[in-house]
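The values are calculated or read from the model by the stated rules, or taken from the named source; none is laboratory data. Small disclaimer: the values here were computed from a predicted structure and weren't measured. Every residue, glycine as well, gets a Cβ built from its backbone with ideal geometry; the counts of neighbours run over all protein chains shown.
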Amino acid sequence: MLAAIAFYVLAAVAVISAFAVIAARNPVHSVLFLILTFFTAAGLFVLLGAEFLAMLLVVVYVGAVAVLFLFVVMMLDVDFAELKQGFLSYMPVGALVAAVLLAELVLVAFAASGARGAPLAIAETSGGVTNAEAIGLVLYTEYLLAFQLAGLVLLVAMIGAIVLTLRHRPGVKKQDISAQVGRRRSEAVELKDIRPGQGLG
Amino acid sequence: MSPDLDYIAWFGIDWPVEVEWALVKTGQILAIMILLLISLAFLLLFDRKVWAAVQLRKGPNVVGPFGLLQSFADFFKFVFKEIVIPAGANKTVFILAPLITFVLAFVAWAAVPWGPGIVIADLNVGILYLFAISSLGVYGIIMGGWASNSKYPFLGGLRSAAQMVSYEVSIGFIIITVLLLVGSLNLTDIVDAQREGIWMWHGFRLFNVQEFPSNLLVGAIMLAMLVMFFVSALAETNRPPFDLPEAESELVAGYQVEYSSTPYLLFMIGEYLNIVLMCAMTTILFLGGWHLPWGPVDHPALGMLVFYVKLWIMFFMFAMVKAIVPRYRYDQLMRLGWKIFLPTSLVAVAAIAYYVTFMQPAAAITAGG
């Protein structure tokens, strides 16, 4: 009973906040609703018994990705009125994408439940093995190649971002920490004996 | 799921058994919350007393004997002040930010084991849960900074977001070294892996002379990890010397500038609870949880007392750092996080993984692998 209550509450919040992501006028509110959607999705994962995935979702998406997202959106100086003007012209494309996504979801759901002749059941982990171990056991054996390739793709993306933004400009003053720390008093301070009325000139 | 046949009879009415469960859990949550809030009142005073003692002052000493009731007086002062919301502020987010900080600070304690069996939710992924919740703490700060619609809070919020995200990375890797040694994400398992005595505590594996040559490697690495975790915890909780989001000489009070009265109080309680949570995490991960240095503790009450004392000792360390160490510069802070802590912890993860795979005595390998 408690699980059912939790499911309906989480599902309702997820759907409403997902709608609010696109409905909110303020982009910062949109991102905040997106974070709420991630969070409720993590709650749904916990209800499914996939607590490891739920925690990863919170750590990676809510704790890191969405923070940077929020960071960028807050810094943008967006003119909302201008943003809203071309809204309707994107409508057909948006509707097409949404329709394709919906069709895919429905097809997968029907195929999965039709194959078993029953609603989708949760695959239980075999006795004594926790969630994290179960994932690790298949991830590093059966799916090792795919896992490594995914890592490689991320690495390439990271290097690409660095290459695109890194510029070596001549004449830029940079800090040399070791030189700063290694500085001695004798190199930095010079004592002069100045006679009255003469100055350093 | 439990079948619908389970009922419990109270007051002549049959209640589903979940009602009893919900009531018991609510009671446990309330008990932990009250314990935390009352502890916090005295921890705040302790913090100020330590700070004062280092500077040869007396600290708060007027309200109650030795100033013991100072925090309660402060509480009433905060609560009875007027809540001021700036005209240009985004009202909903402005009010939401301290609430989020406050709630998240409490939510994390659900998974913290206080003693043998004394835990509200004994999660299989307990340490990940703590990590996840503590990484959410940044939202309260960044939302407060943005919603204030003012320069200093905004700069403070941005600084804080960058700082917390940076140090989370190294905290994550440090946690992984402990997880590799234990072989479990469960906090109770992590504590029980250190039950033998101080030589098995992850921070002090150097003393584990039975494993002579390899204890030097693991001991040195884990001691370094303990120190790095402590420093990262300082940065993650915006404590001095890393309190740049609220560096008063540059940003007045950072993201808190526009806050007053109860919302400010909520921010402050959340901040201090996060510090106590970091003390608890250090205790659980590196300092043997509720076990004594010379042997295991299996009595719940004694275990809770030991854990509580260790919390206070760790908090004393936080207070001393605040009193003694001068504030970092922001670029030095970022350099420390990304260029020193991240590579060091990455190498430590590899070294500990090597130890667990090739050097650990076969009997000590825990179930699972």
- Message: Let me spell it out: the conditions are (1) more than 14 Å from chain B (Cβ to nearest Cβ); (2) modelled with pLDDT under 60, and A:Ala121 meets all of them except one. Which number is the exception?
- Response: (1)
- Task: Confirm whether B:Thr357 is under 30 Å from B:Gln163 (Cα atoms) and without any contact (Cβ under 8 Å) to a residue 40 or more places away in the chain.
- Result: no
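Given the structure, is B:Trp114 facing chain A (nearest Cβ under 9 Å) and either free of Cβ contacts under 8 Å to residues at least 24 places away in the same chain or farther than 27 Å from A:Ala134 by Cα (or both)?
Taking the combined requirement at face value, the residue does not satisfy it.
Matching residues to (1) within 27 Å of B:Leu56 (Cβ to Cβ); (2) not hydrophobic (A, V, I, L, M, F, W, C):
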site: B:Asp243; (1), (2): yes, yes
site: B:Leu265; (1), (2): no, no
site: B:Val306; (1), (2): no, no
site: B:Val321; (1), (2): yes, no
site: B:Val325; (1), (2): yes, no
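Table: residues versus (1) within 11 Å of chain A (Cβ to nearest Cβ); (2) more than 30 Å from B:His299 (Cβ to Cβ); (3) touching a Ser or Thr at 6+ places or on another chain (Cβ under 6 Å); (4) part of a helix (DSSP H, G or I).
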residue	(1), (2), (3), (4)
B:Val93	yes, yes, no, yes
B:Ile100	yes, yes, no, yes
B:Phe106	no, no, no, yes
B:Leu136	yes, yes, no, yes
B:Gly145	yes, yes, no, yes
B:Pro153	no, yes, no, yes
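To keep it simple, each residue is scored yes or no on (1) in contact with a Cys (Cβ under 8 Å, 6 or more places away or on another chain); (2) of a type in the set (Val, Ile, Thr); (3) more than 14 Å from chain A (Cβ to nearest Cβ).
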| site | (1), (2), (3) |
| --- | --- |
| B:Gly270 | no, no, yes |
| B:Leu273 | no, no, yes |
| B:Thr282 | no, yes, yes |
| B:Ala301 | no, no, yes |
| B:Leu311 | yes, no, yes |
| B:Met314 | yes, no, yes |
| B:Ile340 | no, yes, no |
| B:Thr344 | no, yes, yes |
- Query: If you check every pair at least six apart or on different chains, which have Cβ atoms under 7 Å apart with a residue in segment A:131-152 that is part of a helix (DSSP H, G or I) first and a residue that is of a type in the set (D, E, K, R) and surrounded by 15 or more Cβ atoms within 10 Å (Cβ to Cβ) second?
  - Reply: A:Asn131/A:Glu51
- Name the residues in segment A:38-59 that are at pLDDT below 85 and touching an Asp or Glu at 6+ places or on another chain (Cβ under 8 Å), would you? A:Gly49
- Test for A:Val31: is it within 11 Å of chain B (Cβ to nearest Cβ), under 30 Å from A:Gly136 (Cβ atoms) and not small (Gly, Ala, Ser): no
- Only one residue in B:Leu99, B:Leu69, B:Leu56 is hydrophobic (A, V, I, L, M, F, W, C) and closer than 28 Å to B:Lys310 by Cβ, so which one is that? B:Leu69
- Query: Taking B:Ala89 and the conditions (1) under 23 Å from B:Leu136 (Cβ atoms); (2) assigned to a helix (DSSP H, G or I), which numbered condition does it fall short on, given that it satisfies the others?
  - Reply: (2)
- Check B:Ile190, B:Ile176, B:Ile198 and return the single one that is surrounded by fewer than 23 Cβ atoms within 10 Å (Cβ to Cβ) and within 14 Å of chain A (Cβ to nearest Cβ). B:Ile176
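Just to be sure before I move on: is B:Tyr167 hydroxyl-bearing (Ser, Thr, Tyr), within 28 Å of B:Lys339 (Cα to Cα), surrounded by 20 or more Cβ atoms within 10 Å (Cβ to Cβ) and at the interface with chain A (Cβ under 10 Å from one of its Cβ atoms) in the structure I sent?
no
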- Item | Number of positions in segment B:51-67 that are outside any helix (DSSP H, G or I), without any contact (Cβ under 8 Å) to a residue 40 or more places away in the chain and under 21 Å from B:Met320 (Cβ atoms) | 6
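Within segment B:156-180, work out how many residues are in contact with a Ser or Thr (Cβ under 7 Å, 6 or more places away or on another chain) and either among the aromatic types (Phe, Trp, Tyr) or free of Cβ contacts under 8 Å to residues at least 60 places away in the same chain (or both).
2
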- Query: Does B:Leu185 satisfy the condition of being in a loop (DSSP other than H, G, I, E, B), touching a helix residue (DSSP H, G or I) at 6+ places or on another chain (Cβ under 6 Å), facing chain A (nearest Cβ under 9 Å) and under 30 Å from B:Leu305 (Cβ atoms)?
  - Reply: yes
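Please specify each residue of segment A:166-187 satisfying the condition of being of a type in the set (D, E, K, R), in a helix (DSSP H, G or I) and under 15 Å from B:Leu336 (Cα atoms). Give the derivation first.
Here is the first cut: in segment A:166-187, the residues of a type in the set (D, E, K, R) are A:167, A:169, A:173-174, A:176, A:183-185, A:187.
Remaining after also requiring in a helix (DSSP H, G or I): A:185, A:187.
Once the filter is applied, which keeps residues that are of a type in the set (D, E, K, R), in a helix (DSSP H, G or I) and under 15 Å from B:Leu336 (Cα atoms), segment A:166-187 yields nothing.
To keep it simple, each residue is scored yes or no on (1) exposed (fewer than 10 other Cβ atoms within 10 Å of the Cβ); (2) assigned to a helix (DSSP H, G or I); (3) among the basic types (Lys, Arg); (4) away from chain B (no Cβ under 12 Å).
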residue	(1), (2), (3), (4)
A:Val21	no, yes, no, yes
A:Leu44	no, yes, no, yes
A:Tyr61	no, yes, no, no
A:Ala64	no, yes, no, no
A:Met74	no, yes, no, no
A:Pro92	yes, yes, no, yes
